[in-house]
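Worksheet: one structure, shown below.
The values are calculated or read from the model by the stated rules, or taken from the named source; none is laboratory data. None of these values were measured; they are calculated from a predicted model. With ideal geometry, Cβ positions are generated from the backbone for all residues, glycine too; neighbour counts draw on all protein chains shown. For accessibility, only protein heavy atoms count, side chains too; no ligands or nucleic acids. Shrake-Rupley method; radii C 1.70, N 1.55, O 1.52, S 1.80 Å.
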Amino acid sequence: MAEFTNERRVISVIVMNESSVLARVTALFAGRGYNIESLTVAPIPSSNMSHITIATNGSAKVMEQITKQLHKLIPVYKVIEHEEMVEKEMVLVKFPIAENLSDISALCATYNGGIVNVGTEMVIAQVADEPKRIKHFIEAAQRYNPCEIVRGGVVAIER
Amino acid sequence: MQMSGAQMVCEAIIAEGVKTVFGYPGGAIMHVYDEIYKQDGFEHILNRHEQAAVHAADGYARATGEVGVAMVTSGPGFTNAVTGLATAYMDSIPLVVISGQVPLSLIGTDGFQEIDAVGISRPCTKHNFLVRTLEELPRVLKEAFYIARSGRPGPVLVDIPKDITVDIGKFVYPDSVDIPSYKPTYKGNKRQIEKAVEAIKTAKKPLLYIGGGVVLSNASDLVRKLAEKTQIPAVETLMARGVMGAKNPLLLGMLGMHGNYASNMAMSETDLVISLGARFDDRVTGKLSEFAKYADIIHVDIDAANIGKLVDVDYPIVGDITQVLEKMAPLLDDVDTDRYNAWREILKRYNELHPQSYVDSDKVIKPQWVIERIGELAGEDAIITSDVGQHQMWAAQHYPFDRPRQWISSGGLGTMGFGFPAAIGVKRAFPEKTVINITGDGSILMNMQELVTAAEYEIPVINVILNNHFLGMVRQWQTFFYEKRYSETDLTFQPNFKALAEACGGIGYDVETKEEFDAALQDAIKQDKVCFMNVSTNRFENVLPMVPSGGALFNMMLPSTTENNGEVE
Ligand SMILES: Cc1ncc(C[n+]2csc(CCOP(=O)(O)OP(=O)(O)O)c2C)c(N)n1
């Protein structure tokens with residue numbers, strides 16, 4: 001019964017750049033009881049549109065409704081339900097400088113990243129990778145007593 | 001041409017061909033009202049409450065098919081209008097509501113009478129705008145009217161900060177609209193239409209399931225012709241009453257919670273549902289898993305999101321009903337109507353078994369009798385509005401609706417207080433027609449201040465109050481499902497409705513007998529004044545048939561099998 005199993009899905013919503021368009025999209029999710037796992041938004045270069053990437057979950061039926069309801073919003077230009085995509089997420093982590101920096105650096109390198117800032121008490125590391133691998137990275141990073149972790153949310157592009 | 005933002009608003013209203021605006025002034029919208037005073041391109045009706053102004057514009061829109069316009073001030077003016085917006089939204093009624101807002105510089109400061117109007121109205125409008133510059137005002141107004149009436153219609157709010165109505169700039173009203181992200185689908189997919197036609201030709205028990213979308217698309221004639229050509233029987237939703245016409249032999253009646261026996265059985269036994277502009281509302285379907293259990297489903301709807309939302313659809317067709325039926329009809333020229341003979345016979349027998357009926361009385365006036373009598377006396381020409389409750393269901397069940405837009409009722413939101421102001425809007429659009437609001441002693445009080453509006457503007461709307469001294473519909477549920485604990489539904493304490501109408505400049509009638517009713521209605525139709533007709537009806541009458549909430553459509557409480565069937569108490 002694939003129709004009823006909850007599946008993680010990533011959708012891209014291409015919207016006209018106008019005030020409160022993001023509020024319309026998020027209010028739709030809230031009002032109709034759909035989940036948002038993560039959401040990113042940024043303007044599309046040299047256009048009057050923006051690209052919203054939403055990671056969500058729901059049954060096939062719910063996903064169909066999400067797509068259709070999004071499409072009904074007047075400033076929504078296009079909704080892409082990703083099937084074959086490249087998906088990336090960025091994360092920034094602050095570690096105490098007393099931790100083993102070469103280990104941290106090696107760990108980050110494994111996940112497409114490295115140390116990007118060094119202060120007197122802290123270092124900041126950055127990695128960008130697939131959401132699943134980001135999860136693993138965060139688990140591995142626990143060993144070095146991270147003081148703060150900021151995840152960026154998913155961006156995706158259809159292959 | 002150089003002009004103020006306020007003037008632009010008036011010019012746009014005139015350019016859109018709007019003849020009547022309903023509204024209520026206040027600080028933030030005063031500049032616009034100042035321009036209304038100076039112009040003579042449209043009239044303004046001062047309703048006595050913003051909710052009523054929006055309902056009046058809504059009634060106007062439902063009766064004419066054109067965009068209704070209402071105007072309110074910021075803060076409480078706007079919040080009062082919200083129920084009106086939501087009512088129109090749920091029934092897909094094209095409205096443009098213009099609200100004043102505090103000046104741009106005060107937005108976000110909790111200014112006097114500031115409220116986030118676009119935030120509040122987002123879930124109950126098709127779209128809304130907060131105007132941010134004078135330059136965009138003409139385009140926004142043009143888009144508002146376009147969005148309201150195109151695709152699946154709906155209400156649009158335009159919130160205009162006060163300083164923008166004062167500023168002066170160049171006004172050019174655009175000829176056309178180009179919104180790249182908004183392109184409604186009107187033409188149905190040809191291949192899908194052909195497949196649906198094949199399904200109709202091979203079905204044995206097809207059923208036309210007609211919804212309010214047919215009215216909105218002005219597709220009533222096409223639907224009647226389709227039914228006649230194919231000899232396929234039809235059921236109507238509450239919103240579609242009048243589409244087939246009461247005398248049409250193919251019309252089984254209304255389906256749903258208070259649908260008649262034959263309609264609900266037809267839906268339970270059909271092998272092919274042909275859904276035209278209906279949206280499978282829970283008050284229609286009852287228990288979803290039992291709904292049209294043996295049927296394939298053709299679903300024609302202009303809103304793709306309606307298709308597959310509640311039931312799985314075998315033949316989805318996104319498009320305007322008119323355009324889809326124009327393509328579909330010729331493909332059905334060679335349909336074999338005899339195929340459905342046996343089916344029609346079964347349904348005929350269902351109807352003979354349990355016709356829509358009630359037991360009349362000599363001792364008290366039965367509400368159903370009143371509805372039938374209005375149908376006889378006011379004729380096919382009258383336009384009927386309603387409030388919400390038992391009276392609404394009796395009107396939908398028993399009035400001989402003959403054409404679309406003759407029945408105007410809040411279906412989706414079920415808004416008590418809708419009927420009277422809506423009737424004012426209807427009567428303004430069709431002054432020569434008799435306009436009757438069928439209401440209850442509960443509902444009428446929710447917008448009774450409109451007596452003053454109707455009296456002032458000489459809008460002779462007839463309010464027939466089916467007075468059961470109860471919030472009847474809630475009382476009925478308490479009788480059936482709450483062991484007769486009549487919690488807060490007894491309306492024994494009443495105003496003097498006759499005196500109330502008279503105090504506001506209207507006419508009042510107290511009606512205790514059938515003879516008095518005939519005399520009162522005949523008199524009221526001749527009068528040029530608004531009236532309240534206070535008709536004492538059987539207190540404990542129930543609306544039947546009834547499908548208990550969440551039950552399957554075929555499990556109906558019927559007059560013959562239901563205890564407490566409104567004995568005269
Ligand atoms: C604004 C609003 N409040 C509450 C309700 C819930 N409600 C539905 S029917 C009803 C009773 C209506 O009573 P009345 O107008 O006297 O009509 P009757 O059912 O007696 O014909 C109520 C309270 C509603 N539909 N709308």
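Annotations for the structure displayed:
- For the range B:268-279, a residue qualifies if it is closer than 19 Å to residue B:219 by Cβ and crowded, with 24+ Cβ neighbours inside 10 Å, and the qualifying residues are B:273, B:274, B:275, B:276, B:277, B:278.
- Taken over the range B:249-267, residues that are open to solvent by 10 Å² or more (accessible area, probe 1.4 Å) and farther than 17 Å from residue B:544 by Cβ amount to 3.
- The listed residues are B:350, B:358, B:340, and the only one of them that is of a type outside the set (Asp, Glu) and either in a loop (DSSP other than H, G, I, E, B) or in contact with a His (Cβ under 7 Å, 6 or more places away or on another chain) (or both) turns out to be B:358.
Conditions (1) within 12 Å of chain A (Cβ to nearest Cβ); (2) in contact with a strand residue (DSSP E or B) (Cβ under 7 Å, 6 or more places away or on another chain); (3) part of a loop (DSSP other than H, G, I, E, B); (4) surrounded by fewer than 15 Cβ atoms within 10 Å (Cβ to Cβ), marked per residue:
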{"residue": "B:152", "(1), (2), (3), (4)": "yes, no, yes, no"}
{"residue": "B:156", "(1), (2), (3), (4)": "yes, yes, no, no"}
{"residue": "B:165", "(1), (2), (3), (4)": "no, yes, no, no"}
{"residue": "B:172", "(1), (2), (3), (4)": "no, no, yes, yes"}
{"residue": "B:178", "(1), (2), (3), (4)": "yes, no, yes, yes"}
{"residue": "B:191", "(1), (2), (3), (4)": "no, no, no, yes"}
{"residue": "B:208", "(1), (2), (3), (4)": "no, yes, no, no"}
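- Considering (1) part of a strand (DSSP E or B); (2) within 25 Å of residue A:20 (Cβ to Cβ); (3) not basic (Lys, Arg), the lone condition that residue A:71 does not fulfil carries the number (1).
- Residue in the range B:550-558 that is in contact (Cβ under 8 Å) with a residue 12 or more places away in the chain, surrounded by 13 or more Cβ atoms within 10 Å (Cβ to Cβ) and under 25 Å from residue B:434 (Cβ atoms) present: no
- Selection of the range B:433-455 for residues being within 16 Å of the ligand (Cβ to nearest atom) and open to solvent by 40 Å² or more (accessible area, probe 1.4 Å) yields B:445, B:446, B:448, B:449.
- Contact annotation: no residue pair with Cβ atoms under 6 Å, 6 or more positions apart or on different chains, pairs a residue in the range B:243-270 that is at pLDDT below 95 with a partner that is open to solvent by less than 10 Å² (accessible area, probe 1.4 Å) and part of a loop (DSSP other than H, G, I, E, B).
- Taking the listed residues B:483, B:488, the one that is away from chain A (no Cβ under 14 Å) and more than 12 Å from the ligand (Cβ to nearest atom) is B:483, with no other qualifying.
- Residue count for the range B:293-305 under the criterion of being assigned to a helix (DSSP H, G or I) and touching a residue at least 40 places away in the same chain (Cβ under 8 Å): the result is 1.
- Looking only at the range B:369-391, and only at residues there that are closer than 22 Å to residue B:546 by Cβ and in contact (Cβ under 8 Å) with a residue 60 or more places away in the chain, the one that is farthest from the ligand (Cβ to nearest atom): B:369
- Some residue of the range A:45-56 being within 15 Å of the chain's Cα centre (by Cα), not in a strand (DSSP E or B) and not aliphatic (A, V, I, L, M): no
- Residue match in the range B:318-334 (condition: within 14 Å of another protein chain (Cβ to nearest Cβ) and either within 16 Å of the ligand (Cβ to nearest atom) or in contact with a strand residue (DSSP E or B) (Cβ under 9 Å, 6 or more places away or on another chain) (or both)): yes
- Check on residue B:430, touching a residue at least 60 places away in the same chain (Cβ under 8 Å), more than 10 Å from the ligand (Cβ to nearest atom) and surrounded by fewer than 24 Cβ atoms within 10 Å (Cβ to Cβ): yes
- Residues being in contact (Cβ under 8 Å) with a residue 60 or more places away in the chain, within 13 Å of the ligand (Cβ to nearest atom) and either buried (at least 22 other Cβ atoms within 10 Å of the Cβ) or away from every other protein chain (no Cβ under 14 Å) (or both) are represented in the range B:395-407 by at least one member.
- The one condition in (1) farther than 24 Å from residue B:150 by Cα; (2) buried (at least 24 other Cβ atoms within 10 Å of the Cβ); (3) of a type in the set (S, T, N, Q); (4) within 22 Å of the chain's Cα centre (by Cα) that residue B:101 fails to fulfil: (4)
- Tallying residues that are among the polar types (S, T, N, Q) and either in contact with an Asp or Glu (Cβ under 8 Å, 6 or more places away or on another chain) or assigned by TED's automatic domain parsing to the domain that holds residue B:133 (or both) within the range B:160-176 yields 1.
- Residue pairs whose Cβ atoms lie under 6 Å apart, separated by 6 or more positions or on different chains, with the first residue in the range B:458-477 and assigned by TED's automatic domain parsing to the domain that holds residue B:428 and assigned to a loop (DSSP other than H, G, I, E, B) and the second within 6 Å of the ligand (Cβ to nearest atom) and open to solvent by 10 Å² or more (accessible area, probe 1.4 Å), are B:471/B:442.
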